[in-house]
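Only one structure is covered here, and it is reproduced in the block below.
Coordinate-derived values only; no laboratory data. Quick caveat, the model's predicted, so the values are computed rather than measured. Neighbour counts are summed over all protein chains in view; Cβ atoms, including those assigned to glycine, are modelled from backbone coordinates with ideal geometry.
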Amino acid sequence: MRLAYRYINTLLLISLSIVLLLSCNNLSNKKQNEKQEVTVFAAASLTNVLHEIVDSFEVKYQASVKLNLASSGALARQIQLGASADVYLSANTQWANYIDSLGFVKQNLIQEIANNSLVLIAPKNSDIQLFKTDILLDLPVLIGEGYLSMGDPNHVPAGKYSKQALENYNLYSKVSHRILPTKDVRTALMVVEMNEAPLGIVFSTDAKSSEKVKVVGNFSISSHKPINYVAAVCSNNKTALLFYNFLNSEETLPIWIKFGFIK
Amino acid sequence: MNGILGFNEIEIQAIILSLKVAVYCSVISLPLALILGYKMARYSFIGKPIIEGLIHLPLVMPPVTTGYLLLLLLGSNSLFGQWLYQTFGIKLAFSFSAAVIASIFVSFPLIVRSIRTSMEMVDPGLEDASRILGASKLKTFFKVTIPLAAPGIISGTILAFARSLGEFGATITFAGNIVGETQTLPLAIYAYMQVPGQEGTTMRLVLVSVVISFIAMALSEWLIKRRKKA
């Protein structure tokens, strides 16, 4: 019995000191936060481009950027439930406006930072050649018995845009029974990479990130709602404002373009 | 929202497809599991632990990983997938067969385990007696071993059936989410969950899957009880 008591005491002591340590850590974090740290909640499709932008930002301003990458919707819910984001980067206007409507955006600091477009892709070794302008009209023939891999038009943003574009070309009804709906746009890319579908529709940035696929057709930007990325400042952190402005600066322009975004 | 009992066409397709996948899965798994379970219970051979590990892998691996491995091993870019396509013109991935294969892999450990355990409980002396009295090996297996191990065989099959009804991760990775081809109940539920305002449909499908699972479980209990009385 005695022995058990002793153990409990030791355990208590250990856990107490851990709690203390953790809270100290938190405090020092907070202090840094006021100086140089900025927490950025960003849509996962920005992962590659942001890493490069963050690198040059950190060098220029001697600041450190913490990234939280997830789907725009999930991030918006996190912010709504009290997660402390300094800057929110959404892959569409709706979620950014939603956060704005809840009053999380400071002093109308909300702006468009980049655009994306849709492309038709095929596996690298595919026979389908780089597009003639009217390749899209041959789409049903090219798909044949195979599948057209794209985000699920019911709930994946890339899939919704793809459906709009196909409808615009009067093709949706002709190919809808051959669509392989994926749970996100990255999976749509993977399916084509693995040669499971002869064709797919993804963002041009996704196509650019992969060595295993080639672009065989472009969808006109006017064939679907604009695919824009929006930044919003959600705290009074000064570094956040710097980062927000940095996103639209001359210095980041080549980085955006390198990754396939349209400015 | 028309059709039977207020289910729309997509929902009915998903329900039928789920049952179809589950039936195919258990019917294909059963003979394989009977042979493997028997071998595992009665014999020891070189590489037994490796085979055991391989069979049980899908039980401990995340189903998405199982699906991804299947895609790598049986997909169009794999050696087997290429051979299959060139010889028979068959593409496995993202088809109904893929949904069945994914289900088989994920539920196989459950059925083998259950059959093996129940076969280990069968007294080998009874099998020997049957052999001495002149029955062939095969006859002994069907007339002595299987009837004595029946409760484990039945519950293993039902478990595999139920597991394949609930299969999600491996299926969405290896078979996709194609309405009427690979969209089973859990996948349809997932798809509806992503759309705002479809809570009613989601709930309906959830209820259906609960009811099906309950019926399967009750059936297995009833079968086992009936055997015990006999």
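Computed from the Cα positions only, the extents of chain A along the three principal axes stand at 79, 53, 34 Å, in decreasing order. Residues of the range B:146-160 falling in the label zone of residue B:126, defined by backbone nitrogen less than 14 Å from a point 7 Å along Cα to beta-carbon, are B:146-153. Once each part is reduced to its C-alpha centroid, what is the distance from the range B:51-102 to the range A:130-209 in angstrom? Result: 24 Å between the Cα centres. Taking the longest Cα principal axis of chain A as reference, the axis of helix A:2-35 is set at about 60 degrees. For the range B:156-196, there are no residues whose amide N sits under 14 Å from a probe point set 7 Å from the Cα of residue B:79 along the beta carbon direction. Across peptide A:190-197, the average count of Cβ atoms from other chains found within 10 Å of a residue's Cβ is 6. Against chain B, whose longest principal axis comes from its Cα atoms, helix B:79-88 is set at around 80 degrees. Non-local lysine pairs in chain B, meaning eight or more places apart or on different chains, with alpha-carbon distances under 28 Å, amount to 19. The residues neighbouring residue B:52, those whose beta-carbon lies less than 12 Å from its own, together hold a net charge of +4 under the Lys/Arg +1, Asp/Glu -1 convention.
For the Cα atoms of chain B, what angle does the longest principal axis make with the long axis of helix B:199-229, in degrees from 0 to 90, nearest 10? So the inclination is approximately 10 degrees. Placing +1 on each Lys and Arg Cβ and -1 on each Asp and Glu Cβ, with no other charges, gives the range B:157-230 a dipole about its Cα centre of roughly 660 debye. When chain B is described by a simple charge dipole with +1 on each Lys and Arg Cβ and -1 on each Asp and Glu Cβ, the residue from B:38, B:165, B:201 located farthest towards its positive end is B:38. Toward the positive end of the charge dipole of the protein assembly as shown, with +1 on the Cβ of Lys and Arg and -1 on the Cβ of Asp and Glu, the farthest Cα among A:247, A:82, B:66 is that of B:66. With a Förster radius of 45 Å applied to the beta-carbon distance between residue B:142 and residue B:16, the computed FRET efficiency rounds to 0.85.
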